[in-house]
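Below: the structure, in structure tokens.
The values are calculated or read from the model by the stated rules, or taken from the named source; none is laboratory data. Just so you know, these numbers come straight off a predicted model, no measurement behind them. All Cβ positions, glycine included, derive from the backbone under ideal geometry; neighbour counts span all protein chains shown.
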Amino acid sequence: MAKKGLYANIHAKRKRIKKGSGEKMRKPGSKGAPTKANFKRAAKTAKKKK
């Protein structure tokens with residue numbers, strides 16, 4: 001089974017935060033946060049809208 005993508009992980013974390021998990025999103029540029037290159041690579045494999 002393939003791993004979930006970048007956007008799926010972001011949406012899942014936002015959902016957990018909304019439920020009150022106490023987590024916080026990482027700030028752009030901080031260690032472990034997705035870079036611009038990560039977003040460009042994720043966009044190449046994104047499903048096209050119908």
Worksheet item: In this structure, does ALA33 turn out to be under 13 Å from the mean Cα position of the chain (by Cα), assigned to a loop (DSSP other than H, G, I, E, B), surrounded by 10 or more Cβ atoms within 10 Å (Cβ to Cβ) and modelled with pLDDT of 90 or more?
Response: yes
Discussion item. Restricting to the range 1-30, give me the number of residues that are assigned to a loop (DSSP other than H, G, I, E, B) and loosely packed, with under 10 Cβ neighbours inside 10 Å.
Written reply: 10
Worksheet item: How many residues does the range 36-50 hold that are part of a helix (DSSP H, G or I) and either surrounded by 10 or more Cβ atoms within 10 Å (Cβ to Cβ) or of a type in the set (Gly, Ala, Ser) (or both)?
Response: 6
